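First comes the structure, then the notes that go with it.
The values are calculated or read from the model by the stated rules, or taken from the named source; none is laboratory data. Not measured: the values here are computed from a predicted model. Positions of Cβ are backbone-derived with ideal geometry, glycine not excepted, and every protein chain shown enters the neighbour counts. The accessibility values were calculated without ligands, DNA or RNA, using every heavy atom of the protein model including side chains. Shrake-Rupley method; radii C 1.70, N 1.55, O 1.52, S 1.80 Å.
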Amino acid sequence: MGQHYIGHVYLFNPAPSDPLPFVDIPALSQPDSSSLSLLMQIDDKDLTLRSKKRLEAFLNQEFLDYETLRKNVGIDPQGQIEIAKEIEGNLTKYAPILQWRGMPKYAQIYGVCDLIWKPFGCSRLGARSAVSARQLGFRLIQLHDAPSTKALILGAFVHFQDADAAVQHVLDFLKLWANFHFPQLLRALDRIQADVLQRAGLPIGNYSLYASKVENRFMDPSLIALEEYGIPLEVAVKLHRHLRPYENLDGVLEKLRGLPVERIGLSGFERAVVEDAQKTL
């Protein structure tokens, strides 16, 4: 946060037991509970015989290149292979869904969500801010079309009829699905489809642009980054025209440092937030 904090720590739960429990490092001990995706990131010379045995099936399978599995860090390799099998088994169906570059059509968004939902265990992700593949696709389209967090919350309120539930639902989706889970899973699917379609001699897609757009809520990444400096996105949007032109985050911070916030027409709270951020720059 740019400064040191000194004060008291208040515990609202029982203090940790003394002595503290043993901390295991799975990458070193490699117990049977270690995830396969973790083991794939360990150099072959550092793997135990048991770990090598667990990875053997993935080295010998013919659906995906082992390097594709490794590059999809943190993604269950079995789920990756399930998706590869599904694509390979029905190329006529999946080629039009997967061979897009840049920005997808609505049908392709829904198709991608449907393809990853079960193999990647999506029902367990995002604090249930999307409970089906169809709803995930709808939320992503809504994210592109909605101009602000407020608009998303008002849309959710129509469904929940409860302000707290609507706010929590939208924030969970933005922080968990949009900022993390979906971009990560879409990039994994990007590598999988490229591997499978290339083997079949078909043109491949490229999802990097769309993954980045979702991750940044279809806004300038430099504005999103201002949240790390204590400026909420909604306030950053109000500042945007006063910060232009700029080339990158460093340029934004330089403009922000000397910005006369009293002339911009912010509320008292928004002005205080910006002034606090300026003090740390």
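Numbers below:
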read-out: Surface share of carbon and sulfur [accessible, 1.4 angstrom probe, percent] for segment 171-281; value: 51 percent
read-out: MRE, 222 nm, helices only [DSSP H, n ≥ 4, -39500 (n - 2.57), over the chain, to nearest 500]; value: -16500 deg cm²/dmol
read-out: Computed over segment 108-215, the ratio Rg/Rh where both radii use C-alpha atoms and Rh is Kirkwood; value: 1.02
read-out: Size descriptor, Kirkwood hydrodynamic radius, that averages inverse alpha-carbon separations across the chain, Å; value: 22.1 Å
read-out: Fraction of alpha-carbon pairs over 18 Å apart in segment 202-281 - percent; value: 42 percent
read-out: For ARG101, distant residues with modelled amide H under 5 Å away; value: ASN206
read-out: Order of exposure, largest accessible area first, which applies to TYR106, TYR10, TYR94 with probe 1.4 Å; value: TYR10, TYR106, TYR94
read-out: Restraint check, LYS105/LYS255; LYS118/LYS150; LYS45/LYS71; LYS52/LYS175, Cα-Cα greater than 28 Å; value: LYS105/LYS255; LYS118/LYS150; LYS52/LYS175
read-out: Charge dipole (debye, nearest 20) of segment 2-159; +1 at Cβ of Lys and Arg, -1 at Cβ of Asp and Glu; value: 580 debye
read-out: Convex hull of segment 5-92 built on C-alpha atoms - directionally averaged projected area, nm²; value: 10.9 nm²
read-out: Carbon + sulfur, % of accessible area of segment 46-85 - ligands and nucleic acids excluded, 1.4 Å; value: 48 percent
read-out: Top positive-direction residue, dipole computed over segment 134-281 with Cβ charges, set LEU189, ALA225, THR149; value: LEU189
read-out: Amide N proximity, segment 243-281 versus HIS4 label position 7 Å along Cα-to-Cβ, cut-off under 18 Å; value: 280
read-out: Per-selection Kirkwood Rh - segment 162-244 (Cα, Å, 1 d.p.); value: 14.9 Å
read-out: Length-normalised contact order of the chain in % [C-alpha pairs under 8 Å, at least 6 apart]; value: 16 percent
read-out: Chain lengthening between SER29 and ASP145 when straightened (0.36 nm per residue, less Cα-Cα); value: 37.0 nm
read-out: Per-residue SASA entry for MET103, accessible area with 1.4 Å probe, Å² rounded to 10; value: 80 Å²
read-out: Packing rank of 179-186, 152-159, 65-72, 263-270, where each peptide gets the mean count of other beta carbons within 10 Å, highest leading; value: 179-186, 65-72, 152-159, 263-270
read-out: Total formal charge among the other residues, if their Cβ is under 9 angstrom from that of LEU233, Lys/Arg +1 and Asp/Glu -1; value: -1
read-out: Per residue accessible area in Å² of the chain, where ligands, DNA and RNA are left out and the probe is 1.4 Å; value: 60 Å²
